[in-house]
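Inspection log for the structure reproduced underneath, given as structure tokens.
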Amino acid sequence: MKLSQLFTKTEKLPPAEEVSANAQLLERGGFIYKNNSGIYTFLPLGWRVLQNINQIIREEMDAIGGQEMQMPSLINKRYWEASGRWEVDVMYKLQDANKHEYGLGWTHEEVTAEIAKRYLQSYKDMPFSLYQIQTKFRNEARAKSGILRGREFLMKDLYSFHPDEASLNEFYWQVAEAYHKIFKRCGLEAIITEASGGDFTKEYTHEFQVLSEAGEDEILYCEKCRYSQNASISQMAKGGKCPKCEGKINSGKAIEVGNIFRLGTRFSKAFNLNYTDEQGAEHPVVMGSYGIGPSRLVGTIVEVFHDDKGIIWPASVAPFQVYLISLDGTRVESDKIYKKLLSKKISVLYDDSEERSAGAKFADADLLGIPVRIVVSTKTLKEDSVEIKRRGADGFELVKIKELEGWLTK
């Protein structure tokens, strides 16, 4: 894409009311637009990042047998009453013209349990898992930290169905492994952390936490084996010994980017979701629930990967792979390089302006955080080369134009 055609523009100053790095940098770069507290629009650049993350999630969910679908956000009161969650504080409630009451979806255990009831009869029908990537709504008393805690946000929620606890446990840890792959592909180290189940289950659950000073949670974790517990339920103490390997326990603020729950039979009993076993006896289905917040992941990545100049996107999620800059009246040669890169399926944001200064172009390249910056100038063209700099690196190198594709591929 040519920068001259991009809908958004960068801004020199951060929004005055924002204090978190993700809100400041994403708004300055034109990745998001704040509509209200906790409510954001993902603009074209931000949407590209979000879609890259969603694609990683889809690939890993599909790899463990997840089947994608889409459920409604407008959920009738009867669903919430069946599970006893109509009075949950975080739910937005509304009425239609006929006085029917609804709750906006903040999670979908109830809906997926009722849907499964139509198609699940026998033990032979299980296990299986269903997931969606969908907007969720939560009436947060204090939305803060940019897109880390919002009232409207994107969520990947996966639900699994099993004949017994053994089957659930096997799949539970398959999901945990898939989550580690997702976060690693996004450039993050997520520590699996024991926690309480909140409004979902009374069982012990697991969160995936990324160490960051921007985090709202505090975790206690072993420096050696990475065993971890949320500080709100932990009996461990900083400086103590790990109960698993006797390594040293440390503590830190962290951002929760995912969670997994063993739901058991709570929701299947609420909706009479049963199956028959080999002897014809009837049993309630055992369920699991597994969440990742893609929009929160965008904010987390920015909190972890930025400097005083701007964002530093990991290549796997960056909106473009290359930021191409034309200087010194090199538009014709730069256009050729741009078209060549596009023909090789390399995504490029091309700063094709002939009026803006080199300093302004370099500042935008740093702010937007695209992994590779390529500069075409009269100086580099004298050597049939371009200047290449990795975002976050100190130096640059000259690469022959004819070798550019190979350099980028490598």
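The values are calculated or read from the model by the stated rules, or taken from the named source; none is laboratory data. Everything numeric in this text was worked out from a predicted model, so none of it was measured. Neighbour counts run over all protein chains shown; Cβ positions are idealised from the backbone, glycine included.
The figures follow:
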| quantity | calculated |
| --- | --- |
| Among (1) under 19 Å from N54 (Cα atoms); (2) surrounded by fewer than 16 Cβ atoms within 10 Å (Cβ to Cβ); (3) of a type in the set (S, T, N, Q) - the single one Q121 does not satisfy | (1) |
| The lone exception for I39 - which of (1) farther than 17 Å from S145 by Cβ; (2) of a type outside the set (D, E, K, R); (3) surrounded by fewer than 20 Cβ atoms within 10 Å (Cβ to Cβ); (4) in contact (Cβ under 8 Å) with a residue 24 or more places away in the chain it fails | (1) |
| Residue count for region 343-363, restricted to those that are touching a Phe, Trp or Tyr at 6+ places or on another chain (Cβ under 9 Å) and more than 20 Å from S385 (Cβ to Cβ) | 2 |
| Check on E403, within 14 Å of L324 (Cβ to Cβ) and either charged (D, E, K, R) or not in a loop (DSSP other than H, G, I, E, B) (or both) | no |
| Test: residue in region 65-78 that is within 20 Å of Q134 (Cα to Cα), in contact with a His (Cβ under 6 Å, 6 or more places away or on another chain) and at pLDDT 95 or above | yes |
| Strands (runs of 3 or more DSSP E) contained in region 186-295 and holding at least 2 residues buried (at least 17 other Cβ atoms within 10 Å of the Cβ) and either touching a Ser or Thr at 6+ places or on another chain (Cβ under 8 Å) or in contact (Cβ under 8 Å) with a residue 24 or more places away in the chain (or both) | 191-195, 205-211, 217-222, 228-230, 249-264, 286-292 |
| Output for region 14-23, where each listed residue is within 11 Å of G299 (Cβ to Cβ) and either of a type in the set (A, V, I, L, M) or in a helix (DSSP H, G or I) (or both) | A21, N22, A23 |
| Some residue of region 31-44 being of a type in the set (G, A, S), at pLDDT 95 or above and in contact with a Lys or Arg (Cβ under 8 Å, 6 or more places away or on another chain) | no |
| Residue match in region 162-170 (condition: crowded, with 19+ Cβ neighbours inside 10 Å and in a strand (DSSP E or B)) | yes |
